[in-house]
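Undergrad: First, the structure itself, so that you have it in front of you.
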Amino acid sequence: MRSLLATTAATVVALVAFAPVTWASGPPTSIGRHGAAATVDRLATQAAIATLRRGGNATDAAVTAAAVLGVTEPFSCGIGGGGFMVSYDARAREVTTSDHRERAPQAMGPDAFFENGVPLAFSDARYSGLSVGVPGTVRGWARALRKHGTISLAEALAPAIRVARRGFVVDETFAAQTQENLDFFDDVPATAALYLDPDGTPRDVGSVFRNPDLARSYELIAHRGARAFYRGAIADAIVQTVRNPPVGPSANHVFRPGVMEPKDLRTYRAPERPPVHSTYRGLDVFGMGPPSSGGSTVAEALNILEGYELGSMTRADALHLELEAARLAFADRGAYVADPDFFDVPLAGLISKDFAATRRALIGETAPTSPVAPGDPYPFDDRAGAAGGEPSVTSTRAGTTTHITVADKRGDIVSYTFTIESTGGSGLVVPGYGFLLNNELTDFNFNSTTHPNRVEGGKRPRSSMAPTIVLRDRRPWLGLGSPGGSTIITTVLGILVDRVDRARTLPAAIAAPRASQRNTPATTAEPAFIASPEAAALVARGHTFAPPPATGGVSEIGAATAVEFLRRHRLLAAAEPVRRGGGSALVVRPAR
Ligand code: GLU
């Protein structure tokens, strides 16, 4: 989303406060030194760059930008949700990951989303208190700053508080995202009061949107730290909203109550987890491990593709293999990845080169009928006797979310994806506090009581978020990620293959038309991809394509951001030129 500062007297002050940036919007690509940041939003990227200019590191800048996105991208992310942060520490030469995924309340069981023995329809499950997981974002930010940062949470929140108070100009993406939720937002007075005009329509494009309630929530957190969110007034208001969804008398939908208790918030932790580490053509690829399937599924698909000389093939031939590798990796992801605290994920097997060889052997000249069966990673897992898994059809929902990539002058990288799940989350704004609650618990296989990713109290739903960091010759090379539900995995995979095998530049790889095969009969593909000569060649080999659902008339996959380390200490920051209204990529000292 491209957002502009309110055209008030405050504008001048705010522009000075952020950074002497002269672009009206974007730019989607920048090259320079001393640090780089890319997000979907100009204000967020500027806030990150201003933090780097003041001597902050990549973690400081990422959290600062994230807090701004919580204001300007409220339908995709915020303190009502959760996320995953992958960080490279150049001094320690170490990659760490933070899991601040939402957790199910303790009182939930596998049949939480069943009524009369039948699972709820997605929309009934989503717009409810039931779908709300205990938010992890605030704990994640606090922990990231404590472990890797140099500034306080209060300092990181300050630019976002200014944006929330002064406002920003509503653009078409913001209005379209409201429009798609209108029929539910207007059921909830707190949500309608914040996001709708008095006549019940979305905020007008070009009008100034302010969120003083969110500014106050941020101030409470700035003042008292993360505990201001997990205990006391904010926590109580969250629990109240979940247990008694505050719908108005004229609501035309039922918002089912959830079972969250204050203790669920008090006991929320954001653990550090080992990164998923794999190699691809000599590069070291680090991703997010379970409960996200992002790292292992990207790694498995790359392992399958490593057996081919993609660079010397026609583009259509290489794309066939890329789609098939993704199909197989998704079959395995669907069967074996869940919260590792509840299910013994055969992670080593899933990312082993030998397991990939067994999967590669299944790829033929034509596309098979999906869903294809999962493989058996257990023999490759070094743990005798382990077994489990259950095939499941991949959800084809391509949701929202947002991704931030930052690098600093020391060579640290932060690759951070965070979300409230669907665009607009559960539709429930916490009255008086200005933020939407997530619907992350619909990422469980909530229609199954046996699947490894079934609902269980205290468990985190499986994710597709794939914040990724790539080292070349043990030095930082690339940080990248994307929103887009389960298409996140194929977007990250596609950018890596384009960059590494097809020698495309990073901006070209990000802009390229996308196709996403997730073990479904038809491959989801953008209209520009479907119209390409490669797609015609793939159809001749048995592939079928269908566009993703449109938002505001736009049918697109992902909204990636990335940073690449170039030669001579230069950095390339890259964001989408068009998707989601275009992103913003900036550097601390632009190259002349
Ligand atoms: N809930 C999704 C996941 O964790 C991300 C949200 C989305 O982009 O749909 O995989």
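The values are calculated or read from the model by the stated rules, or taken from the named source; none is laboratory data. Everything numeric here is computed off the predicted structure, so don't read it as measured data. With ideal geometry, Cβ positions are generated from the backbone for all residues, glycine too; neighbour counts draw on all protein chains shown.
Undergrad: Among all residue pairs at least 6 apart or on different chains, which show Cβ distances below 9 Å where the first residue, located in the stretch 479-495, is under 16 Å from residue 301 (Cβ atoms) and the second is more than 12 Å from the ligand (Cβ to nearest atom) and of a type in the set (Phe, Trp, Tyr)?
TA: 481/416; 486/330; 489/330; 490/330
Undergrad: Looking only at the stretch 513-536, count every residue that is surrounded by fewer than 17 Cβ atoms within 10 Å (Cβ to Cβ) and either out of contact with any strand residue (DSSP E or B) (no Cβ under 7 Å at 6 or more places or on another chain) or within 23 Å of residue 171 (Cα to Cα) (or both) and tell me the total.
TA: Summing the residues that are surrounded by fewer than 17 Cβ atoms within 10 Å (Cβ to Cβ) and either out of contact with any strand residue (DSSP E or B) (no Cβ under 7 Å at 6 or more places or on another chain) or within 23 Å of residue 171 (Cα to Cα) (or both) in the stretch 513-536 gives 6.
Undergrad: For residues that are more than 16 Å from the ligand (Cβ to nearest atom), modelled with pLDDT of 95 or more and at positive phi, tally how many sit in the stretch 475-522.
TA: Total meeting the criteria: 0.
Undergrad: If you check residue 347 against the conditions, is it on the phi < 0 side of the Ramachandran plot, buried (at least 20 other Cβ atoms within 10 Å of the Cβ) and modelled with pLDDT of 95 or more?
TA: Answer is yes for this residue.
Rundown of residues vs (1) near the ligand (Cβ under 9 Å from one of its atoms); (2) within 23 Å of residue 245 (Cα to Cα); (3) of a type in the set (Gly, Ala, Ser); (4) part of a loop (DSSP other than H, G, I, E, B), yes/no style:
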{"position": "407", "(1), (2), (3), (4)": "no, no, yes, no"}
{"position": "411", "(1), (2), (3), (4)": "no, no, yes, yes"}
{"position": "416", "(1), (2), (3), (4)": "no, no, no, no"}
{"position": "423", "(1), (2), (3), (4)": "yes, yes, no, yes"}
{"position": "431", "(1), (2), (3), (4)": "no, yes, no, yes"}
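Undergrad: While we're on this one: Report every pair of residues separated by at least 6 positions or lying on different chains whose Cβ atoms are under 7 Å apart, first residue within the stretch 354-368 and over 8 Å from residue 324 (Cβ atoms) and at pLDDT 95 or above, second crowded, with 21+ Cβ neighbours inside 10 Å and charged (D, E, K, R).
TA: Here the result reads 356/300, each pair linking the stretch 354-368 to a residue that is crowded, with 21+ Cβ neighbours inside 10 Å and charged (D, E, K, R).
Undergrad: Taking the stretch 537-588 as the region of interest, how many residues are part of a strand (DSSP E or B) and either without any contact (Cβ under 8 Å) to a residue 12 or more places away in the chain or buried (at least 16 other Cβ atoms within 10 Å of the Cβ) (or both)?
TA: Selection size over the stretch 537-588: 18.
Undergrad: Also, quick follow-up: Quick check on my filter: what residues within the stretch 79-106 are out of contact with any Lys or Arg (no Cβ under 8 Å at 6 or more places or on another chain) and under 16 Å from residue 270 (Cα atoms)?
TA: 79, 80, 81, 85, 86, 87, 105
Undergrad: Just for the stretch 262-288: of the residues that are hydroxyl-bearing (Ser, Thr, Tyr) and assigned to a loop (DSSP other than H, G, I, E, B), which one is surrounded by the fewest Cβ atoms within 10 Å (Cβ to Cβ)?
TA: Per the stated criteria, the residue is 267.
Undergrad: Let me ask something else about it. Does residue 438 meet the test of being assigned to a loop (DSSP other than H, G, I, E, B) and surrounded by fewer than 24 Cβ atoms within 10 Å (Cβ to Cβ)?
TA: No, not satisfied.
Undergrad: Kindly evaluate residue 514 against the criterion of being touching a Ser or Thr at 6+ places or on another chain (Cβ under 7 Å) and charged (D, E, K, R).
TA: Judged against the criteria, residue 514 is a match.
Undergrad: For the stretch 84-106, state whether one or more residues are within 24 Å of residue 257 (Cβ to Cβ), more than 15 Å from the ligand (Cβ to nearest atom) and over 20 Å from the mean Cα position of the chain (by Cα).
TA: yes
Undergrad: Consider residue 36 carefully, then state whether it is farther than 19 Å from residue 476 by Cβ, at pLDDT 50 or above and small (Gly, Ala, Ser).
TA: In short, no.
Undergrad: Now for a separate question. Report whether or not residue 492 is surrounded by fewer than 24 Cβ atoms within 10 Å (Cβ to Cβ), of a type in the set (A, V, I, L, M) and in contact with a strand residue (DSSP E or B) (Cβ under 9 Å, 6 or more places away or on another chain).
TA: no
Undergrad: So is residue 446 within 16 Å of the ligand (Cβ to nearest atom), over 30 Å from residue 213 (Cα atoms) and either surrounded by 22 or more Cβ atoms within 10 Å (Cβ to Cβ) or not aromatic (Phe, Trp, Tyr) (or both) or not?
TA: Considered against the rule, which asks whether it is within 16 Å of the ligand (Cβ to nearest atom), over 30 Å from residue 213 (Cα atoms) and either surrounded by 22 or more Cβ atoms within 10 Å (Cβ to Cβ) or not aromatic (Phe, Trp, Tyr) (or both), residue 446 comes out as yes.
Undergrad: Name every residue in the stretch 463-513 that is in contact with a helix residue (DSSP H, G or I) (Cβ under 6 Å, 6 or more places away or on another chain), assigned to a loop (DSSP other than H, G, I, E, B) and not small (Gly, Ala, Ser), in order of residue number.
TA: 465, 501, 504, 513
Undergrad: Is it true that residue 454 is more than 14 Å from the ligand (Cβ to nearest atom) and farther than 25 Å from residue 245 by Cα?
TA: no
Undergrad: Does residue 466 qualify as being surrounded by 19 or more Cβ atoms within 10 Å (Cβ to Cβ), of a type outside the set (Lys, Arg) and within 16 Å of the ligand (Cβ to nearest atom)?
TA: So residue 466 fits the description; yes.
Undergrad: Quick check: is even one residue across the stretch 287-309 over 28 Å from residue 451 (Cβ atoms), more than 16 Å from the ligand (Cβ to nearest atom) and touching an Asp or Glu at 6+ places or on another chain (Cβ under 6 Å)?
TA: no
Undergrad: If you don't mind, there's one more thing I want to ask. Considering only the stretch 111-152, state which residues are surrounded by fewer than 17 Cβ atoms within 10 Å (Cβ to Cβ) and of a type in the set (Gly, Ala, Ser).
TA: Answer for the stretch 111-152, where residues must be surrounded by fewer than 17 Cβ atoms within 10 Å (Cβ to Cβ) and of a type in the set (Gly, Ala, Ser): 117, 121, 123, 152.
Undergrad: Moving on to the next point. Can you tell me which residues in the stretch 135-159 are in a loop (DSSP other than H, G, I, E, B), more than 26 Å from residue 440 (Cα to Cα) and within 22 Å of the chain's Cα centre (by Cα)?
TA: 149
Undergrad: Report the residue count in the stretch 356-383 for those that are of a type in the set (Gly, Ala, Ser) and exposed (fewer than 15 other Cβ atoms within 10 Å of the Cβ).
TA: Selection size over the stretch 356-383: 4.
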